[in-house]
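To start, the structure under review is shown below, and the notes come after it.
No value in this document is a laboratory result; all are computed from the given coordinates. Just so you know, these numbers come straight off a predicted model, no measurement behind them. Here the Cβ positions follow ideal geometry from the backbone for every residue, glycine too, while neighbour counts run over all protein chains shown.
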Amino acid sequence: MKVLKNYLYSVGYQILNMILPLITGPYISRVLGPKGVGINTYTGAIVQYFVLFGGLGVVLYGNREMAYVRGNKEKMSITFWEIQILKSCTVVIAYAFFLIYLFFTNKYRPYLIIQSLTAKNYSD
């Protein structure tokens, strides 16, 4: 019963994930206009490049390392925290490069800052 319930939640989430943009897309386009949507897309893409480089390879590495120590709970905990520290360091380094990029660009700077604060890492 629990597997069925989880499956239904997952299917519901996937359907909502497909339908919601069909509802919000036209509204956002109308409110922001073509220029606003373009600025949002452009700045979001730039920020996502830095997010991508910040998390590049850490998820695959983490999965592999956790599989190696699967049986030992203490080693698993230590490995988990080591991976979290590694990911935090790579994200901080990527954000430092982003701040350097902001120093050299003046166009859309406020939008880039806002996008960087709301960026999501889709590899998690």
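Listed by first and then second residue, the pairs linking a residue in region 31-42 that is at positive phi to a residue that is loosely packed, with under 15 Cβ neighbours inside 10 Å, with Cβ atoms under 6 Å apart and 6 or more places separating them unless they lie on different chains, form an empty list. Among the residues of region 55-93, those identified as in a loop (DSSP other than H, G, I, E, B) and surrounded by fewer than 13 Cβ atoms within 10 Å (Cβ to Cβ) are G57, R70, G71, N72. Within region 94-114, how many residues turn out to be loosely packed, with under 14 Cβ neighbours inside 10 Å and outside any helix (DSSP H, G or I)? Residues meeting the conditions: 3. Among the residues of region 53-98, those identified as of a type in the set (G, A, S) and under 23 Å from K120 (Cβ atoms) are G54, G55, G57, G62, S88, A94, A96.
For I23, state whether it is hydrophobic (A, V, I, L, M, F, W, C), part of a helix (DSSP H, G or I) and touching a Phe, Trp or Tyr at 6+ places or on another chain (Cβ under 7 Å). Judged against the criteria, I23 is not a match. Taken over region 27-81, the residue count meeting the criterion of being farther than 30 Å from P110 by Cα and over 20 Å from the mean Cα position of the chain (by Cα) is 16.
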